[in-house]
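Novice: Next up is a structure, given as structure tokens.
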Amino acid sequence: MIKKNNIIIQFYNLYLTLTTKRKFQLNILIVFSIFASFVEILSISSLIPMIEILSNTENFIKKPFINNFFNTFEILDKDKIKFIIVTIFIFFVFLSYLFKIALIWISVNVSLKIGHDITMAVFNKTINQDYSYHLDKSSSRFLGNIEKSDAIQSFLSYFIQIINSVILLASIIIFCLYLSPYLIISSSLIIFSIYFLVYGFFKKIIDTNSKIYSNKINEKIKIVQESYINLREVIIKKLYTFFGNQFSKTNFSIIDIGIKNTLIANIPGNIILFITTVLLSIYIYFLSISENGLINNLSLLGALIFAAQKIITQAQFVYSSLTKIKTISHAYSDVEEILKLKIPTHNDESFDNQNNDLIFNKNIKFVNGYFKYKKSNEYVLDNINIEIKKNTLNIILGQSGAGKSTFVDLLIGLLKLSKGKIFIDEIELDKKNIKDWFKKISYVPQQINLIDGSILDNIIFGKKSLKDNYIDEIEEILKITNLFNFVKRLDDGLHTKLGENGIMISGGQKQRLAIARALFSNNEILIFDEATSSLDEENEGEIFDKIINKALNKTLIIISHRQYLTKRFNNIISIKDKKVETSKNNIN
């Protein structure tokens, strides 16, 4: 039975994921590698006549083929013949090195471009998964898989090196069989047996190191994330050593694996070099006491030494590349699992071209709705039967952990009901129209995340270009969110950089900026999940009054713990003991 982590199978699976263009480039590379090996053979074979004419000119010229060839072109001067033979050898050696350089360039070019394609595929396939996919996945694992995508590029580079080396090895060995079959067969068996035994001996160690390497990549990123996210506490509690020791231990484990595998990869090369030296010494000895003597076999010996050097080099390349592939095999497997993921149909860009318009003119209805998380047997919410009418003001109340955010995720369509249905104007919300539903919603989450850009970048968030009248609109939104005076005082105004995740501004300012982003999107439905929890009551109340006055033709849904806000909303959604109930609230 072929193992899943067999490199041939892994390469085949990788090949299947490639575009037609990349497959063509890879095929061209293999064909070019065959040509390069042919030129290499020419350089080795041209060494024989060069040594022969330099060591025994008379015998070389007397050979019928050589004599007839030079007589045809009326080249009779011995020095000229020597010069021509040496020039031919130099030309083929030069040509072989040109092909090597070209082969390296093509190999690197193809592997890097395929590596880029794979990295993009991992990013896109991960980011385009449904929200439920990400619930039990950590961001460190996501970032780890992106970093491990480099393993695919390395895998491909090493595998291409193996293909190139195997083609060259086979060509040289076949050619050398003609020169000295017994020596080549015996030497090749010894060389490859040593590589096989060494690889078999270290295989378990390499596999163990591969698993550790894959896990440590995730762990390293996790430590960096946790130390940075908790930077304030790290500084206040002086946790530098705590996180520093964790990072050092993890990073050293990765380095230690690199040291061990580098040693394992280079051990056989030195052994083989020693054994080859011994075998060639014995062969030279027997040539010296043979009937023809050493001088008459000098050209053959030179060609074999030249070929042996290339055989050892390529054999070492194969073994070293194989060892490196095994080291990253588990990292490769993690990435391979991502590559097997299908992008949900409704997240595919081609789905945008289909006519799945969803009209929201009347209401949103939950009918017999039940929800539980995948790894749980207990329902978080059950028997949801409520209606939210268009252009109403709705506040969701409930104790912490009651399921308010879960209900909102269901309403948005990030999560899917375990049982029951959601209707938008009598049309069931499903994967065919969910993307159109997303377009109608502006959502401000409980945990605000800003991009490392300017205030303007964070407000327009994703819009590729700005129209002239946008600035007036943005300034109006800044007034609604009580940010106008703050931005006006800044030297760079809207273009002020906020740092990573808005580190340069307060929590309340971050929340107001997120609300400004939602208002700028100008969608039919505004949903705030504890979006003003960092604001004082006066600021919060003032902002909601402005939003309500502006959003006359919008449906507003907010989650809050603050009871005083209920007087501003005409529909109260209460969540308690897994039940969702609505009640009317008379407001002026």
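The values are calculated or read from the model by the stated rules, or taken from the named source; none is laboratory data. Quick caveat, the model's predicted, so the values are computed rather than measured. We place every Cβ from the backbone using ideal geometry, glycine too, and count neighbours over all the protein chains shown.
Novice: Residue check: is Phe528 under 30 Å from Ile384 (Cα atoms), crowded, with 17+ Cβ neighbours inside 10 Å and under 41 Å from the mean Cα position of the chain (by Cα)?
Specialist: Here the answer is yes, as Phe528 does meet what is asked.
Novice: How many residues, within segment 537-552, are within 43 Å of the chain's Cα centre (by Cα) and in a loop (DSSP other than H, G, I, E, B)?
Specialist: So the answer is 1.
Novice: Right, another one. Please find, within segment 341-382, the residue that is nearest to Ser400 (Cα to Cα) out of those that are at pLDDT 90 or above, in contact with a Phe, Trp or Tyr (Cβ under 7 Å, 6 or more places away or on another chain) and not in a loop (DSSP other than H, G, I, E, B).
Specialist: That would be Leu381.
Novice: Among what's in segment 417-433 and is of a type in the set (Lys, Arg) and not in a strand (DSSP E or B), pick the residue that is farthest from Asp382 (Cα to Cα).
Specialist: Only one residue tops the list, namely Lys432.
Novice: Another one. For residues that are among the hydroxyl-bearing types (Ser, Thr, Tyr) and part of a helix (DSSP H, G or I), scanning just segment 9-29, find the one that is farthest from Met120 (Cα to Cα).
Specialist: The qualifying residue farthest from Met120 (Cα to Cα) is Tyr12.
Novice: Go through segment 64-89 and report how many residues are of a type in the set (Lys, Arg) and surrounded by 13 or more Cβ atoms within 10 Å (Cβ to Cβ).
Specialist: Looking only at that region, the number is 2.
Novice: Can you work out which of the residues in segment 469-493 that are of a type in the set (A, V, I, L, M) and either farther than 18 Å from Lys510 by Cβ or more than 41 Å from the chain's Cα centre (by Cα) (or both) is surrounded by the most Cβ atoms within 10 Å (Cβ to Cβ)?
Specialist: Ranking the candidates gives Ile480 first.
Novice: Restricting to segment 86-119, and then to whatever is small (Gly, Ala, Ser) and either within 31 Å of the chain's Cα centre (by Cα) or not in a helix (DSSP H, G or I) (or both), can you tell me which residue is modelled with the highest pLDDT?
Specialist: Among residues in segment 86-119 that are small (Gly, Ala, Ser) and either within 31 Å of the chain's Cα centre (by Cα) or not in a helix (DSSP H, G or I) (or both), the one modelled with the highest pLDDT is Ala102.
Novice: Determine whether Asn549 is at pLDDT below 90 and exposed (fewer than 12 other Cβ atoms within 10 Å of the Cβ).
Specialist: yes
Novice: Please go through segment 273-332 and pick out each residue that is crowded, with 20+ Cβ neighbours inside 10 Å, modelled with pLDDT under 75 and among the β-branched types (Val, Ile, Thr).
Specialist: none
Novice: Right, next: If a residue has to be of a type in the set (A, V, I, L, M, F, W, C) and part of a strand (DSSP E or B) to count, how many in segment 441-455 make the cut?
Specialist: 2
Novice: In segment 179-231, which residue that is touching a Pro at 6+ places or on another chain (Cβ under 9 Å) and of a type outside the set (A, V, I, L, M) is surrounded by the most Cβ atoms within 10 Å (Cβ to Cβ)?
Specialist: Per the stated criteria, the residue is Tyr195.
For every residue, the table says whether it meets (1) aliphatic (A, V, I, L, M); (2) farther than 17 Å from Tyr470 by Cβ; (3) assigned by TED's automatic domain parsing to the domain that holds Ile459; (4) in a helix (DSSP H, G or I).
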{"position": "Asn482", "(1), (2), (3), (4)": "no, yes, yes, no"}
{"position": "Val487", "(1), (2), (3), (4)": "yes, no, yes, yes"}
{"position": "Asp491", "(1), (2), (3), (4)": "no, yes, yes, no"}
{"position": "Leu494", "(1), (2), (3), (4)": "yes, no, yes, yes"}
{"position": "Asn501", "(1), (2), (3), (4)": "no, yes, yes, yes"}
{"position": "Lys510", "(1), (2), (3), (4)": "no, yes, yes, yes"}
{"position": "Ala514", "(1), (2), (3), (4)": "yes, yes, yes, yes"}
{"position": "Ala518", "(1), (2), (3), (4)": "yes, no, yes, yes"}
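Listed here are the residues, each with its yes/no results for (1) under 27 Å from the mean Cα position of the chain (by Cα); (2) modelled with pLDDT of 80 or more.
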position: Ile163; (1), (2): yes, yes
position: Ile167; (1), (2): no, yes
position: Ser171; (1), (2): no, yes
position: Leu179; (1), (2): no, no
position: Tyr199; (1), (2): no, no
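Novice: Residues of segment 405-433 being under 16 Å from Gly369 (Cβ atoms) and within 30 Å of the chain's Cα centre (by Cα), which ones?
Specialist: Asp409, Ile412, Gly413, Leu414, Leu415, Lys416
Novice: Which residues, taken from segment 226-241, are part of a helix (DSSP H, G or I) and either among the aliphatic types (A, V, I, L, M) or closer than 18 Å to Ser506 by Cβ (or both)?
Specialist: Those that are part of a helix (DSSP H, G or I) and either among the aliphatic types (A, V, I, L, M) or closer than 18 Å to Ser506 by Cβ (or both): Ile229, Leu231, Arg232, Glu233, Val234, Ile235, Ile236.
Novice: Mind checking which pairs have a first residue in segment 235-247 that is assigned by TED's automatic domain parsing to the domain that holds Ile217 and a second that is part of a helix (DSSP H, G or I) and of a type in the set (Gly, Ala, Ser), Cβ under 7 Å, 6 or more apart or different chains?
Specialist: Close Cβ pairs (under 7 Å, with a partner that is part of a helix (DSSP H, G or I) and of a type in the set (Gly, Ala, Ser)) amount to Phe243/Ser227.
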